[in-house]
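To start, the structure itself, in structure tokens.
The values are calculated or read from the model by the stated rules, or taken from the named source; none is laboratory data. Note that the coordinates shown come from a computational prediction; the quantities given were computed from them, not determined experimentally. Here Cβ is always computed from backbone atoms with ideal geometry, including for glycine, and neighbour counts include all displayed protein chains.
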Amino acid sequence: MARIASRITQGAIALLTVLVLALAVSSLYGVFGRRHGPRTGLHGHVIRVQVLNGSGQGGVGSRAAAFLREGGFHVVEVKNADRFDYFATLVVARRKDVSTARAVASYLGGLPMVRQAWDSDLAEVTVVLGSDRSHLRLE
């Protein structure tokens, strides 16, 4: 009987040890994991991003926005694009300085980038999601 109790105690200690290690690893991932602080542009302000879903598939814009937020970008708007037949996903630089768009394009897996400057306070960068979204890195 004492032998069985000893085995149960050893098993409980082993299980408790595994749980404590799992909690420690989870905590470290929360601190040092993929999440970043706010991404800032040339003058130290947070990079504002507009996400437009031009793929025709529902939910893609929300997933992309969530991934960008995890990366420290400030997503200011998520909506459908003017049409749903965009083939290529691309990043649009909305300012003369394209470094902010380059940071977004790189974070999303090296997407192509174009410059289309406009004078607006909405966002420095627009991401247009196309039907090639499978090439988009959202994890």
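The single condition among (1) in contact (Cβ under 8 Å) with a residue 60 or more places away in the chain; (2) closer than 11 Å to residue 51 by Cα; (3) of a type outside the set (Phe, Trp, Tyr) that residue 103 does not meet is (2).
Looking only at the range 52-77, residues that are surrounded by 19 or more Cβ atoms within 10 Å (Cβ to Cβ) and touching a strand residue (DSSP E or B) at 6+ places or on another chain (Cβ under 9 Å) come to 11 in all.
Scanning the range 47-86 for residues that are over 15 Å from residue 114 (Cα atoms) and part of a loop (DSSP other than H, G, I, E, B) yields a total of 15. Please determine whether any residue of the range 98-120 is at pLDDT below 90, surrounded by fewer than 18 Cβ atoms within 10 Å (Cβ to Cβ), assigned to a helix (DSSP H, G or I) and out of contact with any strand residue (DSSP E or B) (no Cβ under 7 Å at 6 or more places or on another chain). Among the residues of the range 98-120, not one is at pLDDT below 90, surrounded by fewer than 18 Cβ atoms within 10 Å (Cβ to Cβ), assigned to a helix (DSSP H, G or I) and out of contact with any strand residue (DSSP E or B) (no Cβ under 7 Å at 6 or more places or on another chain), which makes the answer no. In a residue-by-residue description of the range 15-30, the property of being outside the structural domain of residue 113 (by TED's automatic domain parsing), touching an Asp or Glu at 6+ places or on another chain (Cβ under 8 Å) and modelled with pLDDT under 65 applies to no position.
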